[in-house]
Every structure is written in structure tokens, then in C-alpha cells.
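Chemist: Have a look at this one before I ask anything.
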Amino acid sequence: MSLTDKKTPLLTHLVAGGAAGFMEACSCHPLDTIKVRMQLAKHASRGANGKPLGFIGVGLKIVQNESFWALYKGLGAVVSGIVPKMAIRFSSFELYKSWMADAQGKVSMTSVFFAGLAAGTTEAVMVVSPMDLIKIRLQAQRHSMADPLDVPKYRNAPHAAYTIIKEEGVRALYKGVTLTALRQATNQAANFTAYQEMKKIAQRLQDVNELPSYQHLVLGGVSGAMGPLSNAPIDTIKTRIQKSTAPGSGYERFKTVTSEIMKKEGFFAFYKGLTPRLLRVAPGQAVTFMVYEKVRALLDQFSGTKEMSLATK
């Protein structure tokens, strides 16, 4: 990118990222609820035939026992954090990347990786960690949303936040923040690096500056799968820590949860919920990148901003 080109303003990142995140949350949240239930289960759920239920079986069991809308438990917490999360993700990524650019504005693949790492850490600390904890507490509740008399402890995201702060203190919202930051950092480092490199290759092969939306969808899906494959154990441990209301230091909770999983459930328990997480994150990132690129391009066109797209700088 030429140093004289105008940079995409923060408002563009806010609107494009918010739109992308909202679409991602609404389309993929049920898979996240199933993933959380699978990760929190001490023993695999079994069907009438005694065989362990897969992610489809767990999803059907939630619908049968708690109604279809139970798959969307915690969605309010996710949606309320999507706009700032995506604004922080994309704007901080661009900022960190610009700091690592050379005199000609070129950014190496290594720099992109570290910019993604830093962006993931930033969004985790500022938004994702408290949002995740509230979401997990809501998703962990096993009550029927079809029965008005079955009143849960946490009624909605704001009520959950209020109750957690009242009973456990503000610091409770940051339980598992280190693991959340590690998960988000590795997610975004792998995600942005894979997406940008694949997009450059696709543009070179087709000799075009802009790719059609369906290609952003495919590339976003492939790059989105990289994070879950590399950090599934981190996500499982983080989920168990955030669900727990027990006091103690972060290291003590980490040691207790990790040892309990190994002793009682075995090594492969660290990968519980990987399938629904892949099915949640990969299409989620596909939707995110497709919508983000489309909305950003429209806003750039409307505002007259002349800037190369996210993945070609």
C-alpha cells in the first residue's frame, strides 16, 4: 500500500466488523452451545441404546429437553459484544500491522502473524473474556425455555453479569482471561495469516484485485478452521474454569481443572466439542470475512477511500 493512500477509518471497521459479527453469531451460535455442553459434560451423554451421543445427538437432546430456543442461550452476551469485538479485532490488527510495515508499506507474513497474535490478545482482554464467561454461564443452565415456571439463576446476559459481579466480584468476569487471550491470539494469528496468504495466491492465479464474495467465503472457512485445530485443549480448560464458581488463583484453577480432566476423563477429553467448534468457527469466519470484505468495500466506495483490501496490503 502506498504511504499516500488514505487509511480505512475506524468507523468503517466498526460498521463492517459489527455487521459481519452479527451475521456470524446469529447463524452459528447453536453449534457453540452444543460445543459448550459437550465440554462441560464430565461423562459423555448417551442415547437410549447406550451409545455416546455425537454433537447432533447432543443438539437434539437440548431441543427435546429445553426447546429449540435453548440452542440460542447466551446469544445476547455474544451479540452485545460483537460490534466492539470486531471493531477492536480489525482496527488493532491494521494498527499493529502498520507498525511492522517497511518503508514501502510492505508487510511480511511473519509480521502478519504477530499482528494477528497481538490483535487476538487485545480483543480477548477488552471484550471476549467477560463476554465468554457470561455466555458460558447462560449456556450451562439446563432449564426448559418452554416452561415459564422453570426460572433459571441467570435470566439474560445483563442479569447474569449483575449476578456474577454481586456474588463473585468484578474479577470473576475475568476468570480464564489468560487462556482466553491465548486462544484468541492463536486463533487470529492463524486466521489472518492463512486468509491473507491464500487470498494473495487466489488473486495472483486469477489476475484480479478483488475476489468474488463466494471466494472470500471459502477462504475464510479454511482459515477459520486453523485456530480450533491448534488450540482445542486450551478452549476446553478455559470453558471448565469459566463455568466454575469456586475461588482460587488462576494457576490453581488451571492446575485443578487440567489434572481432573486427565485423571477422570483421559487425554482425549481435552478435545471434547472439537467437531461442533470447527463447525461453529470455520463457517463463522467464512461469514465474517465475506460480509466484512463486502461491507468494507461498499463503505470505501461510498466514502471515496482508496485503499487496498485487508488481505493484499
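The values are calculated or read from the model by the stated rules, or taken from the named source; none is laboratory data. Note that this is a predicted model, so its numbers are computed, not measured. Cβ: placed from backbone, ideal geometry, glycine included. Neighbour counts: every protein chain shown. Please note that ligands, DNA and RNA were not included when accessible areas were found on the heavy atoms of the full protein model with its side chains. Shrake-Rupley method; radii C 1.70, N 1.55, O 1.52, S 1.80 Å.
Chemist: Which FRET efficiency, nearest 0.05, do Gln104 and Met126 yield, Cβ-Cβ r, R0 45 Å?
Modeler: E between Gln104 and Met126, to the nearest 0.05, is 0.90.
Chemist: What are the membrane-span-like helices in the chain by this rule: whole DSSP H runs, Cα extent along the axis at least 24 Å, mean Kyte-Doolittle hydropathy at least -1.0?
Modeler: In the chain, the long hydrophobic H runs are 10-40, 75-99, 177-206, 213-243, 274-303.
Chemist: Could you give the length gained on full extension between Ile201 and His159, defined as 0.36 nm per residue of separation minus the Cα-Cα distance, in nm?
Modeler: 10.4 nm
Chemist: Specify the inter-centroid distance of the range 213-283 and the range 76-129, based on alpha-carbon positions, in whole Å.
Modeler: Their Cα centres are 21 Å away from one another.
Chemist: At a 1.4 Å probe, what is the % contribution of carbon and sulfur to the accessible area of the range 71-219?
Modeler: Reported share for carbon and sulfur atoms: 64 percent.
Chemist: When ligands, DNA and RNA are left out and all protein chains stay put, how many square angstrom of accessible area per residue does the chain have with a 1.4 Å probe?
Modeler: On a per-residue basis, the chain sits at 48 Å².
Chemist: Under the 0.36 nm per residue contour assumption, what length would be gained going from the current alpha-carbon distance of Glu265 and Ser27 to full extension?
Modeler: Gain in length upon complete extension: 82.5 nm.
Chemist: How large is the charge dipole for the range 167-297, taken about the Cα centre, if only the Cβ atoms of Lys, Arg (+1) and Asp, Glu (-1) carry charge, to the nearest 20 debye?
Modeler: The calculation lands at about 280 debye.
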